[in-house]
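Structure first, then comments.
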Amino acid sequence: MRVGIFGGTFNPPHNGHKKLAQEFAGRLSLDLLMIIPDRLPPHKEASLLAGEEDRLNMCCLCFDGDIMEVSDIEMKREGKSYTYLTLEQIKKDRPDDELFFLMGSDMLLSFHSWREPQRILDCATVVAAAREEGETEKLRSYVETTFKERKDRFVIMDFSPFEVSSTEIRSGGVSAFDALSPKVRAYINQKNLYYATQWDDEKITALIKLRLKETRFIHSLNVAKAAAELAEIYGGDKEKCFTAGLLHDVMKNAPDSEHMEVFSVAGTPLSADEKQNKKLWHAMSGAEYVKHIMGITDDDIYRAVRYHTTGRAGMTLIEKIVFIADFISAERDYDDVNVMRGLAAVSLEKAMLYALRYTITDLVKKGQTIHKDSIALYNELILQENKRKD
């Protein structure tokens, strides 16, 4: 078997690590890729180093490929994690396998200073990724100069850069937030590791700008503004309405795999009609993303995101406001948008009933299912309207 060994502090493991591992696995045609988190990294003192068990658990959540296997071989050894000891143990356990020790360019350039580099080369071929333009020749020159007699034990590969700052992730930096898989981010929130991201509207805006297409980002800003304006009219909480408006489409442009991962993290089951109607997913997964991935636990915001598409019976004022704001945001230009805006200025319930009639009629014409929550809301609004007439 061709076996890759990919080690590191993984504090925390992120998508950059995973992409690097996948690139190595594909280019080397590996049969097995062992992911080995350090117990104590010998070359650096990691800032805010999470515990051994937590880093091991996060690696299991991050590296979930078919040939990837997370190993605790270094976690079980006392003292610092010296690579030559790990590779000699693996070589002893797998004498017939061809081993490849995988690393980034920064690690290779300091390889001569590692403990027992020759013993590492006795066990495995060292494969390094050159991630910057022009770096390949620099690495080859280093190998030629420093390990001339054993240069055949090195392989240099060109990789597309995937720059992620673990330091920024640990400090709660927004630009690095999406560099973590939903499962790892949820684990960090649950265990209260590193510094929790303190969300305000500025940081939320930065996050959705990273996650959404430009037109969807503009829509989200407009929904937030419309929600704040409706809150002013109807006495709602302007700040919560604005925030919920920003977040309502946070999962709109996510791939199916991310929706499924968020549902898995939250333990959210999908009904038969929900599985078939993917247009509903972003509201459901968006609410769970806000709660479990971002760590925003405000129930008002959660429900406003969750029901902004289907609605539900017994909606709160904030839910109604975000539901309608999504229909009347500034960039909307469908035929009846001005009718909706006029109704919204007079009665949220009348605007909601108008919107539901429009939506349900369209779904019926297309032969699509109607979510039970939408039906329950429609029936509730009709009963209220009839009661007022009586």
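The values are calculated or read from the model by the stated rules, or taken from the named source; none is laboratory data. Everything numeric here is computed off the predicted structure, so don't read it as measured data. As a convention, Cβ positions derive from the backbone with ideal geometry for all residues, glycine included, and neighbour counts pool all protein chains shown. With ligands, DNA and RNA removed, areas are computed over all heavy atoms of the protein, side chains included. Shrake-Rupley method; radii C 1.70, N 1.55, O 1.52, S 1.80 Å.
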With no solvent term and unit scatterers on the alpha-carbon positions of the chain, Debye gives log₁₀ I(q)/I(0) at q = 0.10, 0.14, 0.15 Å⁻¹ of -0.74, -1.12, -1.23
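Over the chain, what is the mean sequence separation of C-alpha contacts under 8 Å (at least six apart), divided by residue count, expressed as relative contact order in percent?
Working: 559 pairs, mean separation 46.0, N = 390.
Relative contact order of the chain: 12 percent.
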What does the charge dipole of the chain about its Cα centre add up to, to the nearest 20 debye, if the Cβ of each Lys and Arg holds +1 and the Cβ of each Asp and Glu holds -1?
460 debye
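How much length, in nm to one decimal, is gained on full extension between Lys213 and Gln198, taken as 0.36 nm per residue of separation minus their Cα-Cα distance? It would help to have the intermediate numbers written out before the result.
Numbers: separation 15, 0.36 × 15 = 5.40 nm, distance 2.41 nm.
The Lys213-Gln198 span can extend by a further 3.0 nm.
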Under the 0.36 nm per residue contour assumption, what length would be gained going from the current alpha-carbon distance of Asp336 and Ser29 to full extension?
104.8 nm
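Where only protein heavy atoms count, and the probe is 1.4 Å, what is the accessible area per residue for the chain in Å²? Display every interim value, and only then the final one.
Details: 18690 Å² over 390 residues.
Here the residues of the chain average 48 Å² of exposed surface.
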Distance (nanometres) between label positions extended 7 Å along Cα→Cβ at Trp114 and Ile67
2.1 nm
Using only helices, what value at 222 nm comes out for the chain when you add -39,500 (n - 2.57) per DSSP H run of length 4 or more and divide by the total residues, to the nearest 500 deg cm²/dmol?
-15500 deg cm²/dmol
Rounded to the nearest 10 degrees, what's the angle between the helix 238-247 long axis and the longest principal axis of the chain, both from Cα atoms, 0 to 90?
50 degrees
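Evaluate Rg over Rh across the stretch 84-191, taking Cα atoms for both radii and Kirkwood's formula for Rh. Write out the running numbers ahead of the final one.
On the way: Rg = 17.3 Å, Rh = 16.1 Å.
Rg/Rh for the stretch 84-191 comes to 1.07.
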Non-local amide H neighbours of Val155 (under 5 Å, H modeled in plane, Pro and chain starts lacking H): which ones?
Val126, Val127, Ala128
Could you tell me how many degrees, from 0 to 90 and to the nearest 10, lie between the Cα long axis of helix 201-211 and the main elongation axis, the longest principal axis, of the Cα atoms of the chain?
70 degrees
How big is the charge dipole of the stretch 267-352 about its Cα centre, in debye rounded to the nearest 20, if each Lys and Arg gets +1 on its Cβ and each Asp and Glu gets -1 on its Cβ?
160 debye
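Of the accessible area of the stretch 227-267, with the probe set at 1.4 angstrom, what percent is carbon plus sulfur? Present the calculation step by step, with values, prior to reporting the outcome.
Values: 810 of 1710 Å².
Carbon and sulfur: 47 percent of the exposed surface of the stretch 227-267.
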Between Gln22 and Ala345, what length comes free when the chain is fully extended (0.36 nm per residue of separation minus the Cα-Cα distance, one decimal in nm)?
110.9 nm
Kindly provide the pair-distance distribution of the stretch 241-390 built from C-alpha pairs, with 10 Å bins from 0 and whole-percent values in order of increasing distance.
11, 39, 37, 12, 1, 0
Which value, in debye to the nearest 20, gives the size of the charge dipole of the stretch 66-206 about its Cα centre, when Lys and Arg are +1 and Asp and Glu are -1 at the Cβ?
540 debye
Charges on Cβ only, +1 for Lys and Arg, -1 for Asp and Glu, centred on the Cα centroid of the stretch 345-390; of Gly367, Leu381, Ala351, which one is farthest towards the dipole's positive end?
Gly367
If I model a spin label at Leu383 and Asp362 as a point 7 Å from the Cα along the Cα→Cβ vector, what separation in nanometres do I get?
2.7 nm
On C-alpha positions alone, give me the angle between the axis of helix 83-93 and the longest principal axis of the chain, in degrees, nearest 10.
80 degrees
Positive-end residue, the stretch 84-225 charge dipole about Cα centroid, Cβ charges, pick of Phe101, Gln190, Thr215:
Gln190
For the stretch 1-98, calculate the relative contact order in percent as a whole number, restricting contacts to Cα pairs under 8 Å that are 6 or more residues apart.
35 percent
Looking at the chain, which longest stretch skips every one of the GluC sites (Glu not before Pro) that is in a DSSP loop with at most 11 other Cβ atoms within 10 Å, leaving the sites themselves out?
164-330
State the Kirkwood hydrodynamic radius of the stretch 123-260 in Å, one decimal place, computed from all pairs of distinct Cα atoms.
18.8 Å
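Compute for the stretch 17-140: radius of gyration divided by Kirkwood radius, i.e. Rg/Rh, restricted to C-alpha atoms, rounded to two decimals.
On the way: Rg = 14.6 Å, Rh = 15.6 Å.
Rg/Rh for the stretch 17-140 comes to 0.94.
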Note down the nm distance, to one decimal, between modelled labels 7 Å out along Cα→Cβ at Glu53 and at Met75.
0.9 nm
